[in-house]
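Q: Please find one structure pasted underneath; my questions will follow.
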Amino acid sequence: MPRRSPTTTPNAQDELERLRELILGNAAPERIQKELDRLRARLDDQGIRAEEISRALPAAIRRSTARDEQLSQALGQTIEGALDASVRRNPKPIAEAIFPIIGPAIRKAIANAIRGMVQGINQTLEHSLTPRGLRWRWESWRTGVPFAQIVLLKSLVYRVEQVFLIHRETSLLLHHVAADDVRLGHPEAVPAMVSVIQDFVGDSFSEAGGLQQFEVGEVSVLTEHGPEAYLAVVVRGIPPASHLRERMNRALERVHLEFGAQLGNFQGDSDPFADTETHLESCLVEEKRSQKPNWVSASMLILALLLFSIWLTVVLVRDFQMKRRWNGFLDHLGTEPGITVVESGRRNGNFFVHGLKDPFAADPQALAGQHLLRPQNIQWQWEAYHALTPTLVERRAAALLEAPDEVRLQVLEQGLLQVEGRANHAWIRRLDLQAPLIPGIRKVNRTALQDTDAMALEQAAQDLESYTWMFPPQASAFADLSSDAQNRWLEGMERLHRAAVRMGLSMEGQVRIDRQANESESLATERWQNLLAALPANLRRNSAWDPVFLTEGSPSLQFRLAWPNRHSQD
Amino acid sequence: MLQKKICLLGSPAVGKTSLVAQYVHQVFSETYLTTVGVKIDKKEVVAGDRKVLLLVWDLHGDDEFQRLQESYLRGTHAYFLVADGTRRDTLEHALELQQRFQATLNGIPFMTLLNKADLTRQWELDQGNLDELQARGWEFQETSARTGKGVESAFRRLAEMSLQS
Ligand SMILES: Nc1nc2c(ncn2[C@@H]2O[C@H](COP(=O)(O)OP(=O)(O)O)[C@@H](O)[C@H]2O)c(=O)[nH]1
Ligand SMILES: [Mg+2]
């Protein structure tokens with residue numbers, strides 16, 4: 001308050017005084033002053049002010065909140081900021097404060113998720129491979145309902161899918177719960193429908209106590225009535241007779257007990273009935289179809305699959321090996337001289353070979369054996385032919401000519417048969433006659449082939465040459481040789497004779513006469529006769545011993561070999 | 001959630017079903033209606049700054065084939081008495097129905113709808129009829145299910161009335 005100015009006039013002073021009286025009454029100025037000081041002190045003292053504001057604050061906040069949202073908005077930002085700062089500084093206190101709320105919520109969410117997942121996986125697995133499972137898959141594909149849900153529906157004896165708590169008087173929905181995966185349309189209209197059906201049936205057919213159960217499509221609706229409200233549950237499958245109704249009754253009793261007042265005053269506001277949730281949920285029961293543990297059949301199936309795959313592997317491997325052997329065998333046949341495969345393959349699981357085969361070619365059945373194939377499992381069909389490959393010609397020649405051991409046959413190019421070694425005269429003659437007739441042989445070269453008979457003949461002739469039977473002049477009896485020399489001569493004659501017979505040669509003798517000594521032919525004939533007499537009988541018989549008389553040289557007797565039909569010299 | 005049951009009551013062919021169809025989309029089919037005599041639809045409205053879910057019971061008309069089920073009216077929070085403005089007798093019948101179901105409907109707010117207001121040339125109601133309604137202190141409104149005139153506001157008004165009951 002401004003102080004009075006000392007310059008104020010007395011008149012003015014009076015007026016002021018009056019004004020003060022008007023405003024403040026006639027209280028003493030000192031008291032007023034004191035009051036003012038007290039007020040000033042209250043305003044200036046922060047402690048007192050805080051104390052007072054703290055007393056008024058709760059009421060002020062309540063009033064402000066009731067009026068509008070300004071305070072909430074104003075405080076909202078501050079509180080957000082404070083929380084933010086607090087969490088930044090040290091998150092622990094706030095985490096601890098909200099833990100009791102968040103912990104159970106998280107646990108519940110996780111448990112739910114896991115339960116749903118495990119159940120889904122189990123059932124999907126159990127049903128995936130069975131014929132029924134396939135049928136359900138088909139149904140799922142046809143109807144567009146997820147497979148897992150079809151499995152769930154089909155593997156349940158029954159399941160309560162929805163529970164409606166309905167106000168009896170108005171048929172309005174008080175509360176509603178549904179099983180986890182049930183898709184909801186418009187639950188609010190359902191109670192009206194349910195009560196219409198019940199009233200309709202009740203009136204039309206005088207059903208005592210209203211309709212307790214009816215079917216709508218695939219589901220049944222069961223109702224249980226209380227004085228103010230009733231329960232309607234939607235059941236998929238065959239609902240159990242008493243068990244479910246017991247639960248419904250118990251839930252209904254509890255609802256009436258706890259929400260009696262709200263039910264009596266119900267004017268359409270369903271919010272208070274949210275708390276009936278746990279009671280309604282107690283009716284969400286289900287019963288699974290008892291199923292033989294499918295693990296048995298599953299493991300049987302797995303075992304069967306395993307055995308089958310082992311068997312299949314064995315079969316395939318064996319078939320593969322068989323094919324490889326078969327191909328090896330065919331390759332072998334292809335390189336085998338004297339065998340030409342025209343067609344081969346597998347017919348009705350059996351192998352077959354058709355082709356040309358030289359009689360002197362290797363035995364295909366034996367070849368098959370070499371390749372570990374069973375010849376009796378192979379169908380053979382061969383046409384005979386003459387192969388001209390040298391090996392084959394050689395083999396054919398060897399077989400046809402029956403060459404002795406010491407003879408080596410070899411077919412060179414152009415059908416030239418090279419014969420080497422040693423053979424008797426008879427075989428060489430056969431060679432000369434037959435070889436040119438053998439298919440594939442055009443020429444024979446046997447210059448390197450020794451004639452054992454000719455060699456023996458030569459040897460015998462040489463041996464005999466050293467013997468000359470000498471006769472004394474004019475005598476027909478020849479001078480005696482020692483008996484040893486005589487024996488050797490005879491033996492030589494035997495050999496000579498044998499070889500000559502083998503070679504188809506005949507022998508002839510020569511008797512030489514000494515003309516100067518006037519030896520007569522009769523003497524010579526006598527001498528000849530004597531000689532013949534000395535020869536063994538077989539030699540005498542088999543030879544054409546016609547003496548040839550020679551006049552030159554000293555009188556002697558010699559033998560010559562000659563072809564029987566020509567008397568020519570060898 | 002706040003829900004209110006409301007009914008439509010009136011002679012056959014006054015346009016009850018058409019009014020509901022004009023107002024909401026259908027929930028139950030026509031066949032259902034003919035079997036049990038009622039069709040139920042729902043519609044959310046805002047009345048007196050509250051959201052209200054109206055469950056609308058369209059009662060099949062009262063005729064020689066089917067009697068009106070009184071039980072359907074039970075618990076209704078408000079109702080429409082529907083008359084056909086081109087047929088005077090339908091108004092009288094509506095009043096008669098109200099009398100008949102006095103036991104159930106007593107004290108429940110209602111509103112009278114004079115439907116088919118688009119058919120002005122066939123209109124049979126005159127000022128006398130309206131005066132009479134006014135004298136009873138009844139709320140009434142002309143509507144047309146064809147043009148939609150007055151329909152929306154009538155439902156909103158009835159919703160408000162249901163809140164006060
Ligand atoms: N012009 C006209 N026709 C209407 C109107 N409302 C209903 N109708 C017709 O009246 C007939 C009976 O209507 P309906 O809704 O079935 O009557 P409800 O028996 O009371 O349900 C139908 O042919 C409707 O097309 C309207 O406002 N104007
Ligand atoms: Mg109709």
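Q: Tell me, what HN-Hα J-couplings in whole Hz come from the Karplus equation 6.51 cos²θ - 1.76 cosθ + 1.60 at θ = phi - 60° for each residue of region A:51-62, using x for Gly and Pro?
A: 4, 5, 4, 4, 6, 7, 4, x, 4, 4, 5, 4
Q: Right, another one. With Cβ to Cβ distances under 14 Å as the rule, what net charge do the other residues near A:Ala423 carry (K, R +1; D, E -1)?
A: On the way: positive: A:Arg408, A:Arg422, A:Arg429, A:Arg430, A:Arg446, A:Arg502; negative: A:Glu402, A:Asp405, A:Glu406, A:Glu420, A:Asp432, A:Asp451, A:Asp453.
That works out to -1.
Q: Ignoring everything but the protein chains, give the 1.4 Å probe accessible area of A:Trp382 in square angstrom, nearest 10.
A: 60 Å²
Q: For the pairs B:Lys5/B:Lys39; B:Lys51/B:Lys116; B:Lys16/B:Lys116, note any where the Cα-Cα span goes beyond 22 Å.
A: Among B:Lys5/B:Lys39; B:Lys51/B:Lys116; B:Lys16/B:Lys116, the Cα-Cα distance tops 22 Å for B:Lys51/B:Lys116.
Q: Something else now. What relative contact order, as a whole-number percentage, does chain B give when Cα pairs under 8 Å and 6 or more residues apart are counted? Each step should come with its number before you reach the end.
A: Values: 315 pairs, mean separation 44.4, N = 165.
That works out to 27 percent.
Q: Can you list residues whose amide H is under 5 Å from A:Val285's amide H, if they're 5+ apart or on another chain and H is modeled 1.01 Å from N?
A: A:Val160
Q: Would you mind giving the average projected area, over all directions, of the Cα convex hull of region A:255-411 in nm² with one decimal?
A: It is 21.2 nm².
Q: Also: What fraction of the Cα pairs in chain B, stated in percent, has a spacing above 21 angstrom?
A: Tail of the P(r) past 21 Å holds 42 percent of the pairs.
Q: How charged is the neighbourhood of B:Ala47? Take every other residue with its Cβ under 11 Å from the Cβ of B:Ala47, and add Lys/Arg as +1 and Asp/Glu as -1. Mind dumping the intermediate values first?
A: Values: positive: B:Lys4, B:Arg50, B:Lys51, B:Arg156, B:Arg157; negative: B:Glu44, B:Asp49, B:Glu160.
In short, +2.
Q: Hey, rough spin-label estimate for A:Phe352 and A:Ala384, points 7 angstrom out along Cα→Cβ, what's it come to in nanometres?
A: In this crude label model, A:Phe352 to A:Ala384 measures out at 2.3 nm.
Q: While we're looking at this one, here's another question. Please report, in cubic angstrom per residue, the volume enclosed by the convex hull of the alpha-carbon atoms of region A:365-414.
A: Cα-based convex hull of region A:365-414, divided per residue, equals 127 Å³.
Q: Please give every one of the lysines within straight-line cross-link reach of A:Lys323, meaning a C-alpha to C-alpha distance under 21 Å, and leave out same-chain neighbours fewer than 8 residues apart.
A: Partners within reach: none.
Q: Can you give the alpha-carbon Rg of region A:133-288 over 2.2 N^0.38 Å, where N counts its residues?
A: The reported ratio for this selection is 1.09.
Q: A further question on this structure: Over 10 Å intervals from 0, what percent of Cα-Cα pairs in region B:70-165 sits in each interval?
A: Spelled out bin by bin, region B:70-165 gives 16, 47, 33, 5 percent.
The values are calculated or read from the model by the stated rules, or taken from the named source; none is laboratory data. In this text, all values refer to a predicted model and were calculated from it rather than measured experimentally. Don't worry about glycine lacking a Cβ; one is built from the backbone with ideal geometry, like all the others, and counts go over all protein chains shown. For accessibility, only protein heavy atoms count, side chains too; no ligands or nucleic acids. Shrake-Rupley method; radii C 1.70, N 1.55, O 1.52, S 1.80 Å.
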